[in-house]
Amino acid sequence: MRYVKKLEAPNFFYDDVKDFKSWDDYDFNKDTKQKRRNLRQYILENEQNFLCIYCECRLDIDNSHIEHLKPKEKYESLTFYYNNLSVSCEGICLKGNSTDKKKHRCGHKKDNLFNESKFLNPVVLQDIRDYFIYEETQKDYFEIKSSSKDKIKSNYMIDELLSLNSGSTPKARGNALRSFRKSLSKIQDLQERHVKFDDIIEKSFPFVSFIRFYYDR
């Protein structure tokens, strides 16, 4: 999990929601549904590098949803508060022939299960990566674990709230690492490889915190 810097809300967002009474108004008709798609596109493109706010799998406009970091059912006043809005995956990491199709992770898992005293907010905590480590529990199968920083909070996020090791997620981290290695191997000059490391990893590369941890270690 990584820190995501929120920007100023786009002007179209305020125009879109000024007459809305509830979040369900986004589903009123084709026009309002498109407005919600526009919001997802803006957040993914300008703030999240097309990665899930929680697990960091790669997203697009059609396999994601607007996520209220603090659930709107419990914090009604934050329903249209822009800094409380992010984009989460649909709980699926692998595509194609994968049988892992359950929405069992991240925003769908979290739903209204929320303990504010334990929640590590990715748009607030700039050092949020320090709460987690990663372990290869079997070949090319990497699980996210708690660091020593605050095991109560990090374990809450990993297991109880978001299920960040469920389904295909550990395998998808291994796939991302292999893909990243392949991208680096195309650069023959070692000095240039170091220079290009950040460029490659920040261009919507999935599981960026895991890959940084792996190479930092």
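The values are calculated or read from the model by the stated rules, or taken from the named source; none is laboratory data. None of these values were measured; they are calculated from a predicted model. Cβ: placed from backbone, ideal geometry, glycine included. Neighbour counts: every protein chain shown. Ligands, DNA and RNA are excluded from the accessible area calculation, which covers all protein heavy atoms including side chains. Shrake-Rupley method; radii C 1.70, N 1.55, O 1.52, S 1.80 Å.
So here's what we get for this one:
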{"read-out": "Selection status of LEU59, surrounded by 19 or more Cβ atoms within 10 Å (Cβ to Cβ), under 22 Å from ILE128 (Cα atoms) and in contact with a Leu (Cβ under 8 Å, 6 or more places away or on another chain)", "value": "yes"}
{"read-out": "Some residue of the stretch 21-37 being among the acidic types (Asp, Glu), modelled with pLDDT of 95 or more and open to solvent by 30 Å² or more (accessible area, probe 1.4 Å)", "value": "no"}
{"read-out": "Residue match in the stretch 155-167 (condition: out of contact with any Phe, Trp or Tyr (no Cβ under 8 Å at 6 or more places or on another chain), open to solvent by 80 Å² or more (accessible area, probe 1.4 Å), within 21 Å of LEU51 (Cα to Cα) and part of a loop (DSSP other than H, G, I, E, B))", "value": "no"}
{"read-out": "Test: ASN175 is under 18 Å from the mean Cα position of the chain (by Cα), closer than 19 Å to ILE211 by Cα and polar (S, T, N, Q)", "value": "yes"}
{"read-out": "Top-ranked residue of the stretch 179-194 - restricted to ones that are surrounded by 11 or more Cβ atoms within 10 Å (Cβ to Cβ) and either part of a loop (DSSP other than H, G, I, E, B) or not polar (S, T, N, Q) (or both), ranked as farthest from the chain's Cα centre (by Cα)", "value": "ILE187"}
{"read-out": "First in the stretch 193-209 and free of Cβ contacts under 8 Å to residues at least 24 places away in the same chain and more than 19 Å from ASP130 (Cα to Cα), second anywhere and open to solvent by 70 Å² or more (accessible area, probe 1.4 Å) and part of a helix (DSSP H, G or I), Cβ under 8 Å, 6 or more apart", "value": "PHE197/TYR215"}
{"read-out": "Residue identified as crowded, with 17+ Cβ neighbours inside 10 Å and at pLDDT 95 or above among ARG105, ARG40", "value": "ARG40"}
{"read-out": "Failed condition for GLU56, given (1) within 30 Å of LEU164 (Cα to Cα); (2) of a type in the set (D, E, K, R); (3) part of a helix (DSSP H, G or I)", "value": "(3)"}
{"read-out": "Candidate set from the stretch 195-214 (those that are part of a helix (DSSP H, G or I), at pLDDT below 90 and not acidic (Asp, Glu)); member that is least open to solvent (accessible area, probe 1.4 Å)", "value": "ILE201"}
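The rows are residues; the columns are (1) in contact with a helix residue (DSSP H, G or I) (Cβ under 7 Å, 6 or more places away or on another chain); (2) exposed (fewer than 15 other Cβ atoms within 10 Å of the Cβ).
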{"residue": "LYS5", "(1), (2)": "no, yes"}
{"residue": "ASP15", "(1), (2)": "no, yes"}
{"residue": "ILE53", "(1), (2)": "no, no"}
{"residue": "HIS68", "(1), (2)": "yes, no"}
{"residue": "PRO71", "(1), (2)": "no, no"}
{"residue": "SER86", "(1), (2)": "yes, no"}
{"residue": "LEU113", "(1), (2)": "yes, yes"}
